[in-house]
Amino acid sequence: MMSTSKATLDAMREDFEQLPPDARAKLLDMLCASGVESPEWWWDALVGDGDPLYRELEPLS
């Protein structure tokens, strides 16, 4: 299950990085406004160093 969670986070970040910059900004704004997770979580998961869970799962790579 842990490797599945890491794979999901990796796929989300990879897909996000493939978007044009304006689409990334719009998607991040929409996700931050959604109320699903905090804006900080979305930033960390998609742009920053990763969700704390992501860092905990790093050894599984």
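The values are calculated or read from the model by the stated rules, or taken from the named source; none is laboratory data. Since we're looking at a predicted model, the values are computed, not measured. Cβ: placed from backbone, ideal geometry, glycine included. Neighbour counts: every protein chain shown. In case anyone asks, the SASA skips ligands and DNA or RNA and just uses the protein heavy atoms, side chains included. Shrake-Rupley method; radii C 1.70, N 1.55, O 1.52, S 1.80 Å.
List the residue pairs whose Cβ atoms are under 8 Å apart, where the first residue sits in region 17-46 and is within 20 Å of Lys6 (Cα to Cα), the second is of a type in the set (Ser, Thr, Tyr), and the two are 6 or more positions apart or on different chains.
Asp44/Tyr54; Ala45/Tyr54
Confirm whether Ala33 is over 11 Å from the mean Cα position of the chain (by Cα) and not charged (D, E, K, R).
Answer is yes for this residue.
Can you name every residue in region 1-14 that is open to solvent by 50 Å² or more (accessible area, probe 1.4 Å) and assigned to a helix (DSSP H, G or I)?
Met2, Ser3, Thr4, Ala7, Thr8, Asp10, Met12, Glu14
Only one of these is in a helix (DSSP H, G or I) and open to solvent by 60 Å² or more (accessible area, probe 1.4 Å): Glu37, Glu17. Name it. Break it down stepwise before answering.
Working: Glu37 fails: in a helix (DSSP H, G or I).
When all the criteria are applied, what remains is Glu17.
Name every residue in region 8-55 that is of a type in the set (Lys, Arg) and at pLDDT 85 or above, in order of residue number.
Matches in region 8-55: Arg13, Arg24, Lys26.
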